[in-house]
Amino acid sequence: MKKIFFTHFNYGTLKICYLFIAVILFNILVMGTSGDPTLKFGLKLYVSTTGNDGWSGKLKQPNMDKTDGPFATLRGARDAIRIMRETKKLLKGNIAVELQKGVYELSEPFELETQDGGTDSLSRVIYYGQTGSEVRLTGGRNLTKWELVSDKAVLEKFAPEVRGKIYQSDLSANGLKDFGSPGGGGMELIFNDQPMWISRYPNKGFVKITGLLNENPVDIRGTKGDQVGKFNYDDHRISKWKTEKDAWVHGYWFWDWSEQRHKIANIDTTKNLIEVLPPYHHYGYRLGQWFYGFNLLSEIDEPGEYYIDREAGMLYFYPPSEIGKGHAYVSINKNIININGVSFLTLKGMILEGCRETVVKMENCTSSLIAGCMIRNSGDWGVTIKGGKANGVTGCEIYNVGAGGVNIDAGDRTTLQSANCFADNNDIHHIARIKRISNPAISIFGVGNRATHNSIAHLPHMAIYFMGNDHLMEYNVINDVCYESNDAGAIYAGRNWTMRGNIIRYNYLHDISGFEGKGCVGIYLDDAFSSADVIGNVFNNVTRAMMIGGGRDNNVINNIFINCVPSLHIDARGMGWMHDHPEMWIKEAEEKGTILGTLFNQPPYSTRYPKLINILNDEPSAPKGNVISHNICAGGSWDKARGFWSTSVEKKARPYLTMEDNVVSTNTEVEDRLSKSFVITDPLFVNPENPEQGKFQLKADSPALKSGFKQIPFDKIGLYQSSNRVDWVH
């Protein structure tokens with residue numbers, strides 16, 4: 001397929017050209033598109049890799065003038081629409097721009113601004129890929145010239161067994177000079193549609209910190225370390241990094257849920273001591289924590305590894321398959337598409353890939369949609385939505401991005417005005433390649449947003465992170481997440497009394513156990529987070545499935561726990577080791593009349609969440625108002641701790657809990673078998689040997705149903721078929 005670059009025109013020249021084109025385009029009326037005959041267009045334009053931005057944008061026909069046809073670039077189509085609007089030569093109705101099959105290599109991000117959107121729901125602007133064809137927008141530059149490394153000085157860096165297998169490409173000779181930093185946001189190599197990895201050791205896993213100098217000791221509730229980035233190692237292979245030009249380390253330096261990249265300042269091979277450049281890790285460094293080295297020329301020893309010599313402008317690569325038959329490119333652009341202040345816009349049915357930062361950035365838009373796209377191979381987020389209302393990402397597949405999948409931050413926490421933005425029906429997997437922690441599949445902040453019907457899998461840390469009010473998280477499937485972290489949650493929120501009205505409903509979480517099997521959490525309401533409704537979820541083989549960390553007014557109702565160890569963790573940390581946070585919030589309320597910046601006892605908070613009005617007079621540090629009822633637990637343990645955690649349901653928290661009408665199977669461990677908060681009996685699954693195969697349905701005579709349990713609508717959970725799903729678009 002032919003590759004093209006966006007052509008740069010002077011806008012004044014374009015305007016003169018398009019005045020003539022506008023007259024032609026005014027007469028174009030196309031009813032429907034291939035693949036979606038229900039849409040009616042007032043105008044339809046085409047873009048092709050063989051087009052020309054000086055043409056009319058019409059579809060090429062056999063009898064057409066050879067000097068007319070589709071545009072060459074998205075920018076050409078966008079600017080033609082702008083000209084027609086300026087000259088009032090547009091009909092009402094949807095405006096469609098169809099990209100024909102091919103790869104569109106962008107020299108800069110495609111920018112859409114306020115004038116580029118539609119006017120209402122019946123007059124949208126739609127950019128879409130030709131149905132049934134592969135249409136790619138890439139922010140990369142192809143690399144076609146490769147040769148085997150022959151420089152003896154370089155060859156000596158490699159292990160003998162890989163000499164003669166590593167290739168080099170001269171980036172400087174290709175006019176490439178901006179390589180960015182290996183610590184993040186830098187140039188990456190993509191080969192055969194997969195991001196390759198910067199050379200590292202060990203190739204998989206980590207090495208451990210074996211000693212600290214304790215130059216500035218730190219003690220966090222009995223967990224001790226050193227705030228200075230100097231630490232010992234006992235792996236002799238690390239010593240040879242001393243001669244590397246630009247060696248880095250990436251580690252979980254103190255806590256299992258906090259990581260950072262450091263450039264190495266010095267390696268003392270006599271003391272087996274690594275010293276990293278500041279800024280040092282916020283929490284410090286701890287004995288036994290894990291790290292690996294990367295950006296090391298000498299460690300190219302596995303197919304797929306590469307290294308960029310930033311001084312020489314040379315890329316070294318050990319290809320996983322024959323390099324002459326593969327397709328290689330490096331990421332150049334920061335973004336693929338930037339959308340600012342646009343209304344009634346749809347981007348659909350394209351592959352968006354190969355940039356250094358976020359693929360699609362949407363800011364202050366209205367009713368704009370990313371649908372049925374494959375979003376991959378970026379250095380940061382897939383899609384970010386900032387501000388605006390009713391914007392969404394639906395039916396997309398997002399994978400191999402460097403950070404998170406979809407980040408939504410919209411809605412007003414002062415007025416509690418909902419934004420109604422959403423991530424729906426997306427398949428998000430194998431992300432957070434570079435930024436491993438706190439870069440989930442979906443983040444939702446603000447007010448009134450939702451994450452629904454998504455499939456989320458294979459993430460090193462959390463799946464859904466939410467902060468704010470009145471969010472909805474339902475019908476998602478989440479598995480194999482938090483695999484590189486502990487004390488982490490698949491669905492997580494923390495440290496707030498005022499972020500209320502959130503619903504976590506009808507999700508299926510399974511096979512989640514944390515790093516090295518030490519355990520993590522399914523739904524984690526951390527550090528006094530309050531007032532979430534956790535209803536109708538299924539937890540299957542999840543360590544510490546449901547956790548209330550000292551919070552208030554949470555409802556855990558009608559959930560199923562299968563082989564979870566334990567199913568519940570509830571504590572009173574606000575009355576104990578975490579007392580300082582509630583005390584700060586109370587002090588703020590007394591002095592300023594706010595809690596964490598919110599006017600908690602005045603409208604709209606007082607009317608929407610009446611339990612906040614008198615919170616200061618109602619044992620604010622206590623875990624009051626939590627309800628655990630009508631749940632089912634089979635296998636594993638109900639409320640009995642094992643291993644990493646010393647307790648499951650803290651004794652100090654029990655008097656504040658309402659626990660009733662729960663059904664616990666006879667093969668489940670319990671802390672207090674005499675408790676009246678549950679009954680020990682067979683819940684009677686339709687398929688007791690494999691409840692999942694039976695869709696977690698209960699027999700008609702189940703004691704749980706008789707006590708008020710409602711069947712889980714398991715058939716509705718997960719992805720659903722839609723014309724906006726990437727599977728059906730392509």
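Here's the yes/no breakdown for (1) more than 30 Å from Gly402 (Cα to Cα); (2) in contact with a strand residue (DSSP E or B) (Cβ under 6 Å, 6 or more places away or on another chain):
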{"position": "Ala173", "(1), (2)": "no, no"}
{"position": "Leu213", "(1), (2)": "yes, yes"}
{"position": "Ile220", "(1), (2)": "yes, no"}
{"position": "Asp226", "(1), (2)": "no, yes"}
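Exactly one condition in (1) surrounded by 18 or more Cβ atoms within 10 Å (Cβ to Cβ); (2) touching a Ser or Thr at 6+ places or on another chain (Cβ under 8 Å); (3) of a type in the set (S, T, N, Q) is false for Asn272; which is it?
(1) is the only condition that Asn272 fails.
What number of residues within the stretch 45-54 are of a type in the set (Val, Ile, Thr) and surrounded by 23 or more Cβ atoms within 10 Å (Cβ to Cβ)?
Step one: of the stretch 45-54, the residues of a type in the set (Val, Ile, Thr) are 47, 49-50.
Of the ones still in play, those that are also surrounded by 23 or more Cβ atoms within 10 Å (Cβ to Cβ) are 47.
Residues that pass the stated criteria total 1.
Mind checking which residues of the stretch 467-513 are farther than 19 Å from Arg450 by Cβ and among the charged types (D, E, K, R)?
Residues satisfying the conditions are Asp480, Glu484, Asp487, Arg495, Asp511.
Filter the stretch 275-305 for residues that are more than 26 Å from Leu155 (Cα to Cα), among the small types (Gly, Ala, Ser) and either touching a Pro at 6+ places or on another chain (Cβ under 8 Å) or crowded, with 17+ Cβ neighbours inside 10 Å (or both) and give the result.
The one that is more than 26 Å from Leu155 (Cα to Cα), among the small types (Gly, Ala, Ser) and either touching a Pro at 6+ places or on another chain (Cβ under 8 Å) or crowded, with 17+ Cβ neighbours inside 10 Å (or both): Gly284.
Kindly establish whether Asp226 is over 30 Å from Thr138 (Cβ atoms), without any contact (Cβ under 8 Å) to a residue 40 or more places away in the chain and not β-branched (Val, Ile, Thr).
Values: over 30 Å from Thr138 (Cβ atoms): yes; without any contact (Cβ under 8 Å) to a residue 40 or more places away in the chain: no; not β-branched (Val, Ile, Thr): yes.
So Asp226 does not fit the description; no.
In this structure, does Ala247 turn out to be among the small types (Gly, Ala, Ser) and assigned by TED's automatic domain parsing to the domain that holds Leu171?
So Ala247 fails the test.
Any idea how many residues of the stretch 76-129 are within 29 Å of the chain's Cα centre (by Cα), of a type in the set (Gly, Ala, Ser) and closer than 30 Å to Ala328 by Cα?
Count: 3.
Select from the stretch 181-202 the residues that are part of a loop (DSSP other than H, G, I, E, B) and among the polar types (S, T, N, Q) and list them in ascending order.
Ser181, Asn192, Ser199
Kindly indicate which of Ala423, Ala451, Ala419, Ala441 is among the hydrophobic types (A, V, I, L, M, F, W, C), more than 14 Å from the chain's Cα centre (by Cα) and in the same structural domain as Ile504 (by TED's automatic domain parsing).
Ala419
Restricting to the stretch 454-474, count the residues that are part of a loop (DSSP other than H, G, I, E, B), surrounded by fewer than 24 Cβ atoms within 10 Å (Cβ to Cβ) and modelled with pLDDT of 95 or more.
Initially, the stretch 454-474 is screened for residues part of a loop (DSSP other than H, G, I, E, B), giving 454, 458-463, 467-468, 470-471.
Narrowing further to those that are surrounded by fewer than 24 Cβ atoms within 10 Å (Cβ to Cβ): 458, 460, 467, 470.
Filter once more, so that each one left must be modelled with pLDDT of 95 or more: 458, 467, 470.
Of the residues in that region, 3 qualify.
Which ones in the stretch 404-418 are part of a loop (DSSP other than H, G, I, E, B) and buried (at least 24 other Cβ atoms within 10 Å of the Cβ)? Show your work before the answer.
Restricting attention to the stretch 404-418, the residues satisfying the condition of being part of a loop (DSSP other than H, G, I, E, B) are 404-405, 411, 413-416, 418.
Passing the criteria: Gly404, Gly405, Gly411.
Restricting attention to the stretch 643-668, and to residues there that are in contact with a Pro (Cβ under 8 Å, 6 or more places away or on another chain) and at pLDDT 90 or above, which single residue is nearest to Phe709 (Cα to Cα)?
Ranking the qualifying residues of the stretch 643-668, first place goes to Val663.
This table checks each residue for (1) buried (at least 18 other Cβ atoms within 10 Å of the Cβ); (2) out of contact with any helix residue (DSSP H, G or I) (no Cβ under 7 Å at 6 or more places or on another chain).
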residue: Phe600; (1), (2): yes, no
residue: Val627; (1), (2): no, yes
residue: His630; (1), (2): yes, yes
residue: Asp639; (1), (2): yes, yes
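Restricting attention to the stretch 49-72, does a residue exist that is within 35 Å of the chain's Cα centre (by Cα) and touching a residue at least 60 places away in the same chain (Cβ under 8 Å)?
So the first thing to find is which residues in the stretch 49-72 are within 35 Å of the chain's Cα centre (by Cα), and the list is 49, 71-72.
Checking which are touching a residue at least 60 places away in the same chain (Cβ under 8 Å) leaves us with 72.
Within the stretch 49-72, one or more residues are within 35 Å of the chain's Cα centre (by Cα) and touching a residue at least 60 places away in the same chain (Cβ under 8 Å).
Residues Ala488, Ala532: which one is within 30 Å of Glu619 (Cβ to Cβ), out of contact with any Pro (no Cβ under 8 Å at 6 or more places or on another chain) and modelled with pLDDT of 95 or more?
Matching residue, one of Ala488, Ala532: Ala532.
With respect to Gly448, determine if the residue is surrounded by fewer than 24 Cβ atoms within 10 Å (Cβ to Cβ) and out of contact with any Leu (no Cβ under 7 Å at 6 or more places or on another chain).
For Gly448, the condition - surrounded by fewer than 24 Cβ atoms within 10 Å (Cβ to Cβ) and out of contact with any Leu (no Cβ under 7 Å at 6 or more places or on another chain) - is met.
Does Ser530 qualify as being buried (at least 24 other Cβ atoms within 10 Å of the Cβ) and of a type outside the set (Phe, Trp, Tyr)?
Spelling it out, Ser530 is indeed buried (at least 24 other Cβ atoms within 10 Å of the Cβ) and of a type outside the set (Phe, Trp, Tyr).
Exactly one of these conditions fails for Ile24: (1) part of a loop (DSSP other than H, G, I, E, B); (2) modelled with pLDDT under 50; (3) not acidic (Asp, Glu). Give me its number.
With respect to (1) part of a loop (DSSP other than H, G, I, E, B); (2) modelled with pLDDT under 50; (3) not acidic (Asp, Glu), Ile24 is out only on (1).
Return the only residue of Gly372, Gly388, Gly379 being in contact (Cβ under 8 Å) with a residue 60 or more places away in the chain and more than 25 Å from Gln100 (Cα to Cα).
Testing whether each residue is in contact (Cβ under 8 Å) with a residue 60 or more places away in the chain and more than 25 Å from Gln100 (Cα to Cα) leaves just Gly379.
Scan Ile220, Ile267 and give me the residue that is modelled with pLDDT under 95 and out of contact with any Pro (no Cβ under 7 Å at 6 or more places or on another chain).
Criteria check complete, one pass: Ile220.
Hey, among Gly185, Gly139, which residue is touching a residue at least 24 places away in the same chain (Cβ under 8 Å), touching a Cys at 6+ places or on another chain (Cβ under 6 Å) and under 21 Å from Ile339 (Cα atoms)? Quick ask: steps written out before the conclusion?
Values: Gly185 fails: touching a Cys at 6+ places or on another chain (Cβ under 6 Å).
Residue meeting the stated conditions: Gly139.
How about the stretch 55-92: which of its residues are surrounded by fewer than 18 Cβ atoms within 10 Å (Cβ to Cβ) and of a type in the set (Gly, Ala, Ser)?
Once the filter is applied, which keeps residues that are surrounded by fewer than 18 Cβ atoms within 10 Å (Cβ to Cβ) and of a type in the set (Gly, Ala, Ser), the stretch 55-92 yields nothing.
Quick one: in the stretch 654-670, which of the residues that are among the charged types (D, E, K, R) and in a strand (DSSP E or B) is surrounded by the fewest Cβ atoms within 10 Å (Cβ to Cβ)?
Out of the qualifying residues, it is Glu660.
Say we look at the stretch 671-687 and pick out the residues that are part of a loop (DSSP other than H, G, I, E, B) and touching a residue at least 40 places away in the same chain (Cβ under 8 Å); which of these is farthest from Gly708 (Cα to Cα)?
Here is the first cut: in the stretch 671-687, the residues part of a loop (DSSP other than H, G, I, E, B) are 671-677, 681-684, 686-687.
Adding the requirement that they be touching a residue at least 40 places away in the same chain (Cβ under 8 Å) leaves 677, 683.
On the way: Ser677: 14, Pro683: 12 Å.
Filtering the stretch 671-687 for residues that are part of a loop (DSSP other than H, G, I, E, B) and touching a residue at least 40 places away in the same chain (Cβ under 8 Å), the one farthest from Gly708 (Cα to Cα) comes out as Ser677.
The values are calculated or read from the model by the stated rules, or taken from the named source; none is laboratory data. Note that the coordinates shown come from a computational prediction; the quantities given were computed from them, not determined experimentally. Glycine gets a Cβ as well: all are built from the backbone with ideal geometry, and neighbour counts include every protein chain shown.
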